[in-house]
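Below is one structure; the comments refer to it alone.
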Amino acid sequence: MKKKIQIISAFLVIALWFSLACVAWLQPAKKISAAERRPLAQMPSFGDGTEDKPFTDLFDKYTQDQFPLRDTFRQLKSLFHFYTMQQMDNNNYYVLDGYVTKMLQMGKNQETQLLLNLDVFNTVYNKYVRPFGCKSYVAIVPDKGYYMYEESGHLAPDYEKLFSLVKEKMPWATHIDLTELLTLDDFYKTDTHWRQENLVKVAEKIAEAMRMQVTPLEEYTMELIEKPFYGVYYGHAALPLPAEKMYHLHSQILDECTVDKLEPVLDENGKMTLEFAWSTTPSPIYDLKQLDSEDMYNSFISPNTLGMVRIKNPNATTGKSLIVFRDSFGSSISPLLVESYATVTLVDLRYASSEDLGRYLTFRGDDVLFLFGTQVLMETPLN
Amino acid sequence: MLFSSIPFLYYFLPAVIICYFLISKLVGLAFKPMGEEKSYRASIFTKNLILLLFSLLFYGWGEPLYVFLMIGSILMFWLCGLAIGMAQTKRWKRVWLIVSIVLSLSVLGVFKYADFFIDNFNKLTGLNVTLLKLALPIGISFYTFQCLSYTIDVYRGNVPSQKDIVAFGAYVTLFPQLIAGPIVRYIDVARELESRTHTLEKTYLGMRRFLIGLGKKIIIADNIALMLSIFRQSAEPSVLFYWMYAIGFMLNIYFDFSGYSDMAIGLGKIFGFNFIENFNYPYMSKSVAEFWRRWHMSLGSWFRDYVYIPLGGNRVKKLRWLFNTFVVWFLTGMWHGASWNFILWGVLYAVCLLIEKFIPAIGKLPSVLRRFYTLFVVCIGFVLFNADSANIDGLRSFNPLNAAWNDLRCMFGFGGLPFVNATTLYYLRSYLVVLVVAIIGATPLMKNTANRLSESKRFGTATAVFGFVLMAALLLICTAYMVDGSFSPFLYFRF
């Protein structure tokens with residue numbers, strides 16, 4: 001009997017293994033992973049290999065990316081990792097009460113990057129802000145881990161050190177503390193970002209510091225986006241987490257604002273030149289086409305490749321302008337700051353260079369706000 | 001190509017298995033009209049040829065240029081073996097044996113040790129001789145020793161020379177054990193190269209062994225390797241973290257290496273070969289001598305039979321015996337790597353073995369103490385062994401002996417580090433289950449329990465069913481880890 005079971009076992013395991021192999025060999029290659037929001041490696045040809053990345057490495061990557069039921073297997077690994085092996089994080093991602101975040105740490109590299117980025121802010125201040133008498137403000141958005149690590153027992157950066165370094169290196173700016181104002185509920189569960197519908201209080205606090213006005217919460221209407229939202233961490237964590245709801249805020253002022261982006265100028269043949277100009281065909285405040293893209297959060301104002309976007313408010317009561325140096329957190333909150341400004345220009349220094357700002361922006365006594373998340377400050381070089 | 005990779009498990013292995021069984025069967029059928037004997041010979045020849053070709057593909061996958069070195073080695077040893085077999089006098093047999101030894105060790109020396117000697121020569125003399133900077137052919141230490149076992153055994157008359165170059169080539173390149181052992185001696189597989197059987201039971205046992213090895217490698221070894229990598233990059237080490245690293249590496253190298261050996265043995269079984277065991281729960285040892293009878297047994301027995309005993313072993317005067325012991329362990333250390341920390345690691349074992357020999361009272365201590373002492377020596381030895389891992393920036397000026405000394409100082413509290421900190425506690429908590437499972441898995445407890453249950457009338461069937469569930473679960477979970485993209489190179493590849 002035991003021998004019979006062994007033989008049947010051998011057949012069944014071989015059948016399972018060969019079935020997966022057959023599907024791996026024969027199934028057509030997928031182009032994109034919706035869960036991971038990236039293109040998937042395609043079958044390389046022999047000539048594609050280089051010294052650094054030989055054909056064999058490219059083929060290895062292809063077989064991983066195109067393996068049948070890839071998302072299911074990644075989920076299996078994640079579940080096994082967390083629940084069977086009881087490990088605290090999976091590839092540095094962890095979950096608390098359905099909220100997923102990346103476990104950040106402020107090691108030597110991260111501290112160096114933070115200091116370099118603060119130097120970039122100082123360059124911007126010295127070159128553009130101070131000479132034109134602009135008032136400057138800084139608001140650092142804590143990552144979700146700030147609200148999770150103590151309860152979950154995970155590692156976290158020395159936030160106190162981080163915030164004090166920002167204060168120390170940017171003494172010329174008015175610091176707006178958002179840490180006490182925000183809670184974990186103000187963030188998406190499966191995304192890095194905060195929920196726009198919870199940001200009116202943040203906009204009010206920023207406006208209060210700037211002595212400007214914003215639309216109060218009761219004057220907004222919330223539009224529920226029908227398509228369920230899976231944030232960027234959903235794919236990274238690879239856990240069976242439920243989808244979320246995304247809302248866009250609307251008000252009369254917001255709905256009449258328009259957005260234009262800095263774009264390359266095309267010549268008469270339609271080819272890109274080295275010149276840039278603001279687009280002549282403005283768009284509405286929310287880019288609804290992005291709701292069908294890999295990242296629905298891009299439906300809030302997202303950067304173009306040149307990193308400069310401008311919101312024009314035809315109903316502004318003043319001629320003032322606000323320049324927001326920001327990362328993606330700025331996309332969802334900047335529309336909530338437009339009420340008192342004729343123009344709100346968003347500059348993403350991950351794409352735009354601080355050296356070129358003078359070509360496209362004027363700083364004539366405008367308000368300048370630096371709005372960045374802790375993760376970008378520690379991990380992403382700004383230009 | 002790694003065993004623990006999607007290309008191997010789902011592309012290469014199914015292809016070679018299909019070709020191996022199907023094509024050889026068809027060839028056998030085609031030759032059947034010429035008689036059973038010819039049909040069988042043709043079938044075996046086809047099997048060996050398929051193994052040879054696929055093994056060369058396997059090797060060339062990681063080292064396309066060094067396939068030619070491999071082919072050259074096959075030719076050289078095959079010709080030397082033939083020459084030894086055909087030589088009429090002992091003198092000429094010895095000549096051809098020496099040719100095979102000198103040529104193979106020269107190749108090994110150039111690729112693996114030349115830069116070590118040049119570097120030390122430069123340091124001693126102050127000169128600046130240019131380093132060769134040759135990439136180390138994967139598995140060169142393994143297949144060189146395998147081939148040397150062939151010519152030596154032919155010389156000794158233990159086995160006739162192999163006239164079929166395809167069979168010999170299949171032996172040298174056999175992909176299950178080509179790059180990571182066990183060191184399979186020709187004499188152990190000579191008969192199977194000419195004639196081997198395949199049964200469903202062997203296939204089941206081979207698959208089970210392979211999947212257990214895969215699980216050991218991916219689920220345990222690679223997981224612990226992540227912890228070791230985190231440790232090396234941590235800006236906040238502590239004394240406890242250093243001990244977690246030391247014990248973690250002991251477990252990592254055991255599960256990595258024994259897992260690979262299990263996979264090799266399992267694959268060998270599927271293809272009809274019975275490879276020798278390479279590990280026998282080494283961390284259960286009560287002495288260093290016993291440890292080396294249980295750890296990397298194929299290497300230990302190779303050095304015993306081809307170096308230690310020819311030098312006279314322990315049947316010589318005491319001084320000569322000391323010399324023999326140090327030579328063997330010096331070479332064992334060097335085999336593992338062209339670096340002083342490996343040599344010192346080998347010498348450490350020589351010293352411990354001699355201490356055990358000269359102080360027989362050690363053998364009379366309670367077994368708990370003896371186990372503790374053995375594990376302690378092995379732990380310290382592996383800290384020395386793995387000193388290279390501290391060179392995270394890949395600096396040429398890195399000194400592994402200094403790194404090992406620093407590791408040991410920090411382990412014993414002389415590095416000015418706190419005993420424990422938040423980072424250490426976090427990673428201890430995170431890796432606790434993996435470490436506990438690894439510690440239990442390093443003992444025969446699970447195997448003995450499984451065997452007892454399997455043999456019992458009450459639980460025999462349930463155990464067999466559980467065995468199937470375990471195999472399927474291991475296949476799926478290991479696939480899940482591989483798909484998720486953790487890169488997991490085998491530790492012993494550098495040898």
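The values are calculated or read from the model by the stated rules, or taken from the named source; none is laboratory data. Note that the structure is predicted; figures quoted are calculated from it, not measured. When we count neighbours, we look across all protein chains shown, and the Cβ atoms used for this are built from the backbone with ideal geometry, even at glycine. Calculation scope for accessible area: heavy atoms of the full protein, side chains included, ligands and nucleic acids excluded. Shrake-Rupley method; radii C 1.70, N 1.55, O 1.52, S 1.80 Å.
Panel note: the C-alpha atoms of the range B:243-376, placed on their principal axes, show extents of 47, 37, 31 Å (largest first). At q = 0.11, 0.13, 0.14 Å⁻¹ the log10 of I(q)/I(0) for the range B:376-467 amounts to -0.58, -0.70, -0.76, computed by Debye summation with a single uniform scatterer per C-alpha, solvent ignored. Taking packing as the residue-averaged number of other Cβ atoms within 10 angstrom, the listed peptides B:88-94, A:103-109, A:152-158, A:295-301 run from highest to lowest as A:295-301, A:152-158, A:103-109, B:88-94.
For the range B:360-414 versus the range B:1-80, the spacing of their alpha-carbon centroids is 42 Å. Rolling a 1.4 Å probe across all protein chains gives B:S149 an accessible area of roughly 0 Å².
Where in the range B:147-175 does the amide nitrogen come within less than 11 Å of the point 7 Å from the Cα of B:K38, taken along Cα to Cβ? Zone members listed by number: none at all.
Global dimensions of the range A:132-199 from alpha-carbon coordinates: Rg and Dmax equal 14.0, 47 Å. Surface composition of the range A:162-210: carbon plus sulfur atoms hold 47% of the accessible area, using a 1.4 angstrom probe and ignoring ligands, DNA and RNA.
Which far-off residues, 5 or more places away or on another chain, put their amide H under 5 Å from the one on A:S33, with H placed in the peptide plane? Under 5 Å from the amide H of A:S33 lie the amide H atoms of A:R38, A:L40, each far enough along the sequence or on another chain. Summarising the label geometry, the points placed 7 Å from Cα in the beta-carbon direction at B:K457 and A:N198 lie 6.5 nm from one another. Among the residues of A:13-20, the average count of other protein chain beta-carbon atoms within 10 Å of the residue beta-carbon is 5. Interface residues of the range B:1-48, defined as those losing at least 20 Å² of solvent-accessible heavy-atom surface relative to the isolated chain (probe radius 1.4 Å), are listed as B:I6, B:P7, B:Y10, B:Y11, B:P14, B:I17, B:I18. Sorting B:Y242, A:Y247 by solvent-accessible area of protein heavy atoms yields A:Y247, B:Y242, largest first, with a 1.4 Å probe. Surface composition of the range B:389-495: carbon plus sulfur atoms contribute 68% of the solvent-accessible area (1.4 Å probe, protein chains only, all chains present). Using a probe of 1.4 angstrom and keeping all protein chains present, the accessible surface of the range B:1-142 works out to 51 square angstrom per residue. Note that the range A:92-98 has calculated 3J(HN,Hα) couplings of 6, 9, 9, 10, 9, 6, x Hz, one per residue in order, obtained from phi through the Karplus relation 6.51 cos²θ - 1.76 cosθ + 1.60 (θ = phi - 60°); glycine and proline are x. Per-residue packing, averaged as other Cβ atoms within 10 Å, sorts the ranges A:197-208, A:342-353 into the order A:342-353, A:197-208, beginning with the highest.
For chain A, the longest principal axis of the alpha carbon atoms and the long axis of helix A:70-79 meet at an angle near 90°.
Normalised by residue count, chain A yields a Cα convex hull volume of 200 Å³ per residue. The residues of the range B:432-461 listed by number as losing at least 20 Å² of accessible area in the complex, against the isolated chain and with a 1.4 Å probe, are B:V433, B:V434, B:S454, B:T461. Compared with the dominant Cα axis of chain A, that is its longest principal axis, helix A:159-169 is turned about 40°. Entry comment: accessible area of the range A:117-178 is 44 Å² per residue, from protein heavy atoms only and a probe of 1.4 Å. For the options A:V309, A:V124, A:V141, a Gaussian network treatment of chain A with springs between C-alpha atoms closer than 10 Å singles out A:V124 as fluctuating the most.
Mean per-residue shielding of peptide B:472-482 is 6, counting Cβ atoms of other chains within 10 Å of each Cβ. In order along the range A:334-350, the Karplus-derived 3J(HN,Hα) couplings, from 6.51 cos²θ - 1.76 cosθ + 1.60 at θ = phi - 60°, round to 4, x, 7, 9, 6, 3, 8, 10, 6, 9, 10, 9, 9, 10, 9, 6, 6 Hz, and Gly and Pro are given as x.
Could you compute the FRET efficiency for A:L69 and B:R320, with r as their C-beta to C-beta distance and R0 at 56 Å, rounded to 0.05? Result of the calculation: an efficiency of 0.30. Computed with a 1.4 Å probe on the full set of protein chains, the accessible area for B:R304 sits at about 120 Å². Taking all protein chains as they are arranged and a probe of 1.4 Å, the heavy atoms of B:I247 leave approximately 70 Å² accessible to solvent.
Distances between every pair of Cα atoms in the protein assembly as shown, grouped in 10 Å steps from 0 to the bin holding the largest one, split as 2, 10, 17, 20, 18, 13, 10, 6, 3, 1, 0 percent. Take the accessible area of chain A alone and of chain B alone, subtract that of the pair, and you get about 4500 Å² summed over both chains, using a 1.4 Å probe. Estimated from the Cβ-Cβ distance and a Förster radius of 51 angstrom, the FRET efficiency linking A:L217 and B:R409 is about 0.25. Considered as an equivalent ellipsoid built on the Cα gyration tensor, the range B:74-150 has semi-axes of 32, 14, 8 Å, the largest given first. A cut-off of 5 Å between modelled amide H atoms, ignoring neighbours fewer than 5 places along the same chain, links A:Y93 with A:M103. Please list, by residue number, everything in the range A:280-319 whose backbone N is under 15 Å from a paramagnetic label point 7 Å out along Cα→Cβ of A:L266. Answer for this model: A:280-282.
Counting Cβ atoms of other protein chains within 10 Å of each Cβ in B:193-205 and taking the mean gives 2. Helix A:2-26 and the long axis of chain A differ in direction by around 40°, with both axes built from C-alpha atoms. So which helices of chain B fit the span-like rule, where a helix is a whole DSSP H run, its Cα atoms reach 20 Å or more along the axis, and its mean Kyte-Doolittle is at least 1.0? TM-like helix candidates: B:66-86, B:90-108, B:340-358, B:367-385, B:422-441, B:460-483.
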